[in-house]
Amino acid sequence: MSNLPRHVAVIMDGNGRWAQKRGLPRTAGHKAGAETFRTIATYCKDLGIDYLTAYAFSTENWKRPPAEVDAIMGLLDQYLHESIETMARDNIRLRFLGDVSVLSPKLRALIEETDELTRHITGFQANICLNYGGRDEIVRAARRFARECAAGERSPEDMTEALFPDYLWSAGLPDPELLIRPGGEMRVSNFLLWQCAYSEIYVTDTLWPDFGRDELDKALAWYQTRDRRFGGLSTK
Ligand code: IPE
Ligand code: IPE
Ligand code: MG
């Protein structure tokens with residue numbers, strides 16, 4: 001496949017509806033969604049895509065009933081336990097974007113361990129956005145820069161569009177060329193607000209647990225038909 005995006009972002013939405021349609025508890029949908037993430041991450045790596053960034057838990061998802069939040073955190077714990085070795089073996093670097101400092105000490109330790117174990121991997125990187133919010137990310141960046149200015153380490157004029165991304169959770173990542181939203185909602189739900197300025201947005205009614213390799217193929221084929229003008233004129 002030519003003209004592949006280097007970086008694909010995905011809003012892993014539709015887990016709850018997937019479960020409800022089957023008469024299962026919403027948690028079953030989250031469990032199935034974690035499996036889909038595994039499949040899609042491996043497939044992205046096999047295709048030669050460099051980065052996959054997946055929205056797993058937003059800063060707004062704390063509004064859900066505590067039982068669902070607990071179940072999601074429990075599944076994450078289980079997922080990381082299962083993946084910690086397979087990721088290193090399969091050459092997948094796992095990185096976490098978002099404020100994980102509020103998660104349980106057990107989860108934080110697992111995140112730290114996964115990060116350590118896979119940090120040296122350079123081939124493919126999967127980013128999991130946890131307690132992530134695009135606005136939160138931007139506010140934190142502004143705060144950190146302001147602090148550096150106050151400390152005399154930076155001056156306000158230093159700030160540019162090129163420097164700002166260094167202050168984001170996603171520092172070092174290229175912007176995603178393609179943003180995929182399964183579950184049919186036509187909104188970005190506070191995901192990668194800075195980074196998606198020029199991303200192509202692919203929305204499908206397919207629910208995330210049903211999003212398989214063929215669905216990614218479809219999204220990539222659609223991406224390849226896009227005329228990316230970036231405000232200029234068509235070169236086609
Ligand atoms: C996405 O699936 C997973 C999280 C937000 C944690 P949802 O749980 O939002 O699934 P729907 O949208 O209710 O179907
Ligand atoms: C977006 O899905 C967040 C994640 C998939 C982690 P939501 O289900 O939370 O988004 P809304 O509520 O439909 O905007
Ligand atoms: Mg949802």
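The values are calculated or read from the model by the stated rules, or taken from the named source; none is laboratory data. Because the structure is a prediction, the values reported are computed rather than measured. No Cβ is skipped: glycine too gets one built from the backbone with ideal geometry, and neighbour counts run over all protein chains shown. Note: accessible area is taken over every heavy atom of the protein model, side chains too, but ligands, DNA and RNA are not part of it. Shrake-Rupley method; radii C 1.70, N 1.55, O 1.52, S 1.80 Å.
Taking N as the number of residues in segment 51-122, what is its Cα Rg relative to 2.2 N^0.38 Å?
Working: Rg = 12.7 Å, N = 72, 2.2 N^0.38 = 11.2 Å.
In units of the 2.2 N^0.38 Å rule of thumb, it is 1.14.
May I ask you to derive the relative contact order of segment 72-196, considering only C-alpha pairs under 8 Å and at least 6 residues apart, and to give it as an integer percent?
Values: 109 pairs, mean separation 31.0, N = 125.
It rounds to 25 percent for segment 72-196.
Report, in whole Å, the centroid distance computed from the Cα atoms of segment 1-78 and segment 162-236.
Taking the Cα centre of each part, segment 1-78 and segment 162-236 sit 16 Å apart.
With a ≥ b ≥ c the root eigenvalues of the C-alpha gyration tensor of segment 178-236, is it rounded (a/c under 1.5), prolate (a/b larger than b/c) or oblate?
Working: a/c = 2.85, a/b = 1.38, b/c = 2.06.
Oblate.
Round to a whole number: what % of the accessible area of the chain belongs to carbon and sulfur, probe 1.4 Å?
On the way: 6140 of 11860 Å².
About 52 percent, which is the carbon plus sulfur part of the accessible surface.
If you take every residue apart from Pro25 with its C-beta less than 12 Å away from the C-beta of Pro25, what net charge results, scoring Lys and Arg +1 and Asp and Glu -1?
Numbers: positive: Arg22, Arg26, Lys31; negative: Glu68.
Local charge sum for Pro25: +2.
Taking the Cα atoms of segment 1-52, what is the range of coordinates along each of the three principal axes, in descending order and whole Å?
41, 15, 15
Farthest toward the dipole's positive end in segment 172-236, which of Ala221, Ser234, Leu179, given Cβ charges of +1 (Lys, Arg) and -1 (Asp, Glu) about the Cα centre?
Projecting each Cα onto the dipole axis, the largest value belongs to Ser234.
Quick check: residue separation of Ile138 and His81 times 0.36 nm, minus the Cα distance between them. What number comes out in nm? Don't skip to the answer; put the middle values down first.
Details: separation 57, 0.36 × 57 = 20.52 nm, distance 3.09 nm.
Working it through step by step, the gained length comes to 17.4 nm.
Would you calculate the volume per residue, in Å³, of the smallest convex hull containing every Cα atom of the chain? Show your work: numbers first, answer last.
Details: hull volume 33.3 nm³, N = 236.
Measuring per residue, one finds 141 Å³ for the Cα hull of the chain.
Just Gly133, Gly152, Gly98 to compare: in a GNM of the chain, with alpha carbon springs under 10 Å, which one fluctuates most?
Comparing Gly133, Gly152, Gly98 in the GNM, the peak value goes to Gly152.
List the lysines whose Cα lies under 20 Å from the Cα of Lys218, skipping any in the same chain that are fewer than 8 positions away.
Leaving aside lysines fewer than 8 places away in the same chain, those within reach of Lys218 are Lys45.
Three principal axis extents, largest first, for the C-alpha atoms of segment 102-191, in Å?
Extents along the principal axes: 41, 36, 29 Å.
Considering only protein heavy atoms, with the full assembly of protein chains and a 1.4 angstrom probe, order Val188, Val10, Val102 by accessible area, largest first.
Values: Val188 55, Val10 5, Val102 85 Å².
Ranked from most to least accessible, the order is Val102, Val188, Val10.
Given Val8, Trp62, Ala41, which one lies farthest toward the positive end of the charge dipole of segment 8-63, if we put +1 on the Cβ of every Lys and Arg and -1 on the Cβ of every Asp and Glu?
Trp62
Quick check: with the 1.4 Å probe, what order do His120, His81 take by accessible area, largest first? Intermediate values should be presented prior to the final figure.
Values: His120 130, His81 110 Å².
Listed by decreasing accessible area, they come as His120, His81.
Would you mind putting 63-73, 156-166 in packing order, based on average other-beta-carbon counts within 10 Å, highest first?
Details: 63-73: 13.5, 156-166: 10.6.
Per-residue mean Cβ counts within 10 Å order the peptides as 63-73, 156-166.
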